[in-house]
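The values are calculated or read from the model by the stated rules, or taken from the named source; none is laboratory data. This structure is a prediction, so every number in the text was calculated from the model and none was measured. Heads up, the Cβs are rebuilt from the backbone with ideal geometry, glycines too, and the neighbour counts pull from every protein chain shown. Accessible surface is based on the protein model in full, side chains and every heavy atom, while ligands, DNA and RNA are left aside. Shrake-Rupley method; radii C 1.70, N 1.55, O 1.52, S 1.80 Å.
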Amino acid sequence: MTSSTDPAGLHPDAPNPGRLPIPVDPPTMLRSPAFAQAMIAPAGRTLYVGGQNGIDGSGTLLDGLRAQTEQALRNVLTVLDAAGTDADHVVKLTIFLAAGEDPTEGYAAAASVWGAHRTAVTVVAVTPARPGVLVEIDAIATIPE
């Protein structure tokens, strides 16, 4: 449960002896009862951002690959910020692209949101888990001390 005094969406009220991963759920994003948006691995100060797609904070799935890619990356950036890090600290993005979609459109969209931040990237063609979802992006980042 997110504390009302914690604007980043961290879960400070959850029991944590200092060695368990800490969930991150930014308050401006739709909250899942089953999954966290990201997890901080405290020992290594590593953040694992769960798959983000083209759904905005109101729960609306945007139309088209470009719009969904831009929103998915904005969601990743929101989670990074909530966890105290940013795109400069991302070491890996995995982009799950609906089979048959042209990745060039997604790359152009990514450049408009992600900018010049360089990271390792893997693109995987998949059958979407939800109808209409054309892209899902997860990330691994470090959290500066």
| task | Using the structure shown, decide if Ser58 is at pLDDT below 85, farther than 28 Å from Glu145 by Cα and not hydrophobic (A, V, I, L, M, F, W, C). | result | no
| said: Of everything in the stretch 70-111, what is over 16 Å from Val135 (Cα atoms) and of a type in the set (S, T, N, Q)? Give them in sequence order. | reply: Thr78, Thr85
| field | Checklist (1) at pLDDT 75 or above; (2) open to solvent by less than 50 Å² (accessible area, probe 1.4 Å); (3) of a type in the set (A, V, I, L, M, F, W, C) applied to Ala8, failing item | value | (1)
| query | From the list Glu136, Glu101, which one is of a type in the set (D, E, K, R), modelled with pLDDT of 90 or more and within 12 Å of Gln52 (Cβ to Cβ)? | reply | Glu136
